[in-house]
1. Suppose every Lys and Arg Cβ carries +1 and every Asp and Glu Cβ carries -1, with no other charges. What dipole size does the chain come out with about its Cα centre, to the nearest 20 debye?
2. Wrap a convex hull around the Cα atoms of the chain, take a quarter of its surface area, and give that in square nanometres.
3. Before anything else, pin down the relative contact order of the chain: Cα pairs under 8 Å, at least 6 apart, normalised by residue count, whole percent.
4. Just the number please: accessible area per residue for the range 135-273, 1.4 Å probe, all protein chains included, in Å².
5. Give me the number: length gained by fully extending D192 to A155, i.e. 0.36 nm times residue separation minus the C-alpha to C-alpha distance, one decimal in nm.
6. Do any of K107/K153; K6/K187; K68/K187 go past 21 Å between their Cα atoms, and which?
7. Between E13, E109, E41, where does the largest GNM mean-square fluctuation fall for the chain, given springs only between Cα atoms within less than 10 Å?
8. Given the -39500 (n - 2.57) contribution per DSSP H run of 4+ residues, what per-residue ellipticity at 222 nm results for the chain, rounded to the nearest 500 deg cm²/dmol?
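The values are calculated or read from the model by the stated rules, or taken from the named source; none is laboratory data. What you see is a predicted model; the values in this text were computed from it and never measured. A quick note on method: Cβ atoms are made from the backbone with ideal geometry, for glycine too, and the neighbour counts reach across all protein chains shown. These area figures cover heavy atoms from the full protein model, side chains too; ligands, DNA and RNA do not enter into them. Shrake-Rupley method; radii C 1.70, N 1.55, O 1.52, S 1.80 Å.
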Amino acid sequence: MSMIEKFRIGGFEFTSRLFVGTGKYKTFELMRDALAASGCEVVTVAVRRERLVDAGGRNILDFIDPGKYTLLPNTAGCFSADDAIRTARLGRELLEGLENPGAAWVKLEVLGDRKTLLPDPVGTLEALKVLQAEGFTVLCYTSDDPVMAQRLKDAGAASVMPAGSPIGSGQGVLNPWNIRIILEQLKANDPDYPVIVDAGVGTASDVTIAMELGADGVLLNTGIAGSADAVQMAHAMRLAIEAGYLARRSGRIPRKLYATASSPVEGVIGTKD
């Protein structure tokens with residue numbers, strides 16, 4: 001029996017707190033097997049049309065069971081609010097045709113720089129307001145800036161998704177203090193508000209750290225797809241998300257400068273002079 005409680009994002013409810021992307025895999029078959037090993041319920045798909053079909057003309061959606069996974073269309077690769085809005089609308093149209101519930105939401109990415117892939121805060125906020133008014137459940141990719149995170153929530157983001165580190169960098173959570181501040185601020189009056197760490201995950205310990213900080217989930221792609229054994233790494237990420245979640249809820253012991261004996265000192269057999 002799973003010890004992981006369900007959580008909600010808008011009208012969606014899930015048990016798995018691991019969201020997995022579909023890019024950068026060597027083959028669609030490998031992607032399919034890695035998704036299954038991860039135990040995820042949400043799969044992100046870049047809507048840009050050229051990424052839906054491989055060199056052989058095969059469609060990525062043929063390898064993702066729409067009855068098993070909720071698809072999360074994302075606006076990856078968009079560098080303006082207008083492009084992101086257009087892409088989100090295309091995603092909704094596509095998934096409505098598949099009768100997948102993912103048509104109702106979108107992961108919003110508006111990037112500001114092609115080298116660092118850092119988010120454009122102005123463009124993100126602009127696109128969010130339009131999409132939210134059009135009825136989308138919007139999950140917003142952002143930096144680890146607490147001020148921007150608060151503004152996105154106030155503007156109607158169903159979830160704020162701060163980056164652990166730059167997209168695909170594998171550097172893990174570089175600034176845990178900012179992630180903690182974001183969690184504290186956004187959950188102060190709304191403890192169930194979902195905050196998902198997104199981007200920069202390199203290995204399982206990065207996932208565990210994000211969950212131990214109090215994140216509600218982790219979204220990753222390259223950490224699995226770029227590993228030497230994607231299926232095995234996917235399974236590791238699955239275990240890491242559970243370990244971090246349970247450790248956070250269990251309450252770690254305080255850090256101390258000096259040692260504390262784990263065995264009682266009373267009744268210890270002594271030596272006689």
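1. 340 debye
2. Hull-based average projected area comes out at 18.9 nm².
3. 18 percent
4. Dividing the accessible area of the range 135-273 by its residue count gives 54 Å².
5. Gain on extension, D192 to A155, equals 11.6 nm.
6. K68/K187
7. E13
8. Rounded to the nearest 500, the figure is -11000 deg cm²/dmol.
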